[in-house]
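Derivation of every value follows stated rules applied to the coordinates shown; laboratory data play no part. Just so it is clear, the structure is predicted and the values come from calculations on it, not from any experiment. Glycine also receives a Cβ, built like all others from the backbone with ideal geometry; neighbour counts cover every protein chain displayed.
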Amino acid sequence: MKIDEGYIKFNLNWDKKAFNFSDQDFLQINSSRRKLFEIGLIGAYPDEIGFGNLSIRSNKNDFIISGSATGNFKTLLKEHYSLVTNYDIVNNSVSCIGLSKASSESLSHAVIYDSNPKVNAVIHVHNKDMWDCYLEKLPSTRIKAKFGTPEIALEIKKLADKSSGIIIMGGHPEGIITYGKSLFEAEKILLNYFNTI
């Protein structure tokens, strides 16, 4: 199956420079990402197209997210992250600062932060077994809403304040999003479902 993943489909306004990324935030997000990488929820396909990303709220609706094309790295450096400072679903655009471009899933993360001020972390992973098991059994976006488009972002926005921290991406085979008040909570929700399949 050809996975349409890893390619930015939105209009990107990229300010290519370092941003203020505290050591505490970096250690927290990188530690969680490494765990997910080691169990295969973040990684790369045989064609080296990466999948999976995670983010933490920075200030208001700004958030720090793992960069585009970083899925095949076990451990990331600060330069592999990006700070998303603005987004616009109607114009399909994202603005970011960083030495890496923001993830191709940035709009999906943005709408969750925008929908729920209590959410401080979002995780997006790929797992076919989980996706097959939970599609339409848990809150799911429509199959017609494809990865990286305003349509799927709007679908996620509708579900973000109604689900219990997990959304199955119907139009993005294998794609699953979890979120919570902390990265620990988002990770716990994900692993609870992962460990029951």
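Within the shell of other residues whose beta carbon sits under 10 angstrom from the beta carbon of Ile89, the net charge comes to -2, with Lys and Arg scored +1 and Asp and Glu -1. Only helical runs count toward this figure. For the chain, summing -39,500 (n - 2.57) over DSSP H runs of n ≥ 4 and dividing by all residues gives -8500 deg cm²/dmol at 222 nm. Annotation: aspartates and glutamates with alpha-carbon distance below 16 angstrom to Lys16 (same-chain offsets under eight excluded): Glu79.
Net charge dipole, the stretch 11-194: roughly 240 debye, given to the nearest 20, about the Cα centre with Cβ charges of +1 for Lys and Arg and -1 for Asp and Glu. Of Ser22, Ser140, Ser103, the residue with the greatest mean-square motion in the GNM of the chain, using alpha carbon springs below 10 Å, is Ser22. If you take every residue apart from Ser100 with its C-beta less than 15 Å away from the C-beta of Ser100, what net charge results, scoring Lys and Arg +1 and Asp and Glu -1? Net charge in that neighbourhood comes out at +2.
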